[in-house]
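The values are calculated or read from the model by the stated rules, or taken from the named source; none is laboratory data. No experiment lies behind these values; they were computed from the predicted model shown. Reconstructed Cβ throughout: ideal geometry from the backbone, glycine too, with neighbour counts over all protein chains shown.
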Amino acid sequence: MSFREELSVKYLGKAIIGTLKGGIYDIGKILMAALWEAPGLKVIDPSVDISLSKFIETIRQASLQEKVKIVIGGVPITEEQVRKIGAGEWTLNAISAVKLVKKLPEARGDLNDQA
């Protein structure tokens, strides 16, 4: 149980973060998860180097399949990659990602009832 849950503090929403098979960005993922947790997102982390099917199963287990918003980021990401992946949003760095996710309607509202 997290400190936030022990105090019965509501979450802003949920976020699933992971590094898919072949990815090398574990340090960035850990940093991003910490930055998302600080303002109140419940972060679900299925691990590193996971298959796409495992990541999708994590989404299903969190009951978020109808509320998924793909956010990708980092300096090496191009607009072409964003379109190819079908990401709804992208950011340049971790700080801008926190600001973006806090503004998304998908990260607010009834997610607190499920968090």
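Would you mind finding the one in Ile70, Ile59, Ile77 that is surrounded by 13 or more Cβ atoms within 10 Å (Cβ to Cβ) and modelled with pLDDT under 80? Even if it seems obvious, please write down each step before you answer.
Numbers: Ile70 fails: surrounded by 13 or more Cβ atoms within 10 Å (Cβ to Cβ); Ile59 fails: modelled with pLDDT under 80.
Among Ile70, Ile59, Ile77, only Ile77 is surrounded by 13 or more Cβ atoms within 10 Å (Cβ to Cβ) and modelled with pLDDT under 80.
Kindly evaluate Leu64 against the criterion of being surrounded by 15 or more Cβ atoms within 10 Å (Cβ to Cβ), in a helix (DSSP H, G or I) and hydrophobic (A, V, I, L, M, F, W, C).
On the way: surrounded by 15 or more Cβ atoms within 10 Å (Cβ to Cβ): yes; in a helix (DSSP H, G or I): no; hydrophobic (A, V, I, L, M, F, W, C): yes.
No.
Under 8 Å between Cβ atoms, which residue pairs at least 6 apart in sequence (or on different chains) link something in segment 88-111 that is modelled with pLDDT under 85 and part of a helix (DSSP H, G or I) with a partner that is among the hydroxyl-bearing types (Ser, Thr, Tyr) and buried (at least 17 other Cβ atoms within 10 Å of the Cβ)?
Ala97/Thr91; Leu100/Thr91; Leu111/Tyr11
Looking only at segment 42-61, which residues are under 16 Å from Ala15 (Cα atoms) and assigned to a loop (DSSP other than H, G, I, E, B)? Walk me through how you get there before you give the answer.
Taking segment 42-61 first, the residues under 16 Å from Ala15 (Cα atoms) are 42-48, 54-61.
Scanning segment 42-61 gives Asp45, Pro46, Ser47.
Collect the residues in segment 68-87 that are under 17 Å from Ile16 (Cα atoms) and either in a strand (DSSP E or B) or basic (Lys, Arg) (or both), keeping them in residue-number order.
The answer is Lys69, Val71, Ile72, Gly73.
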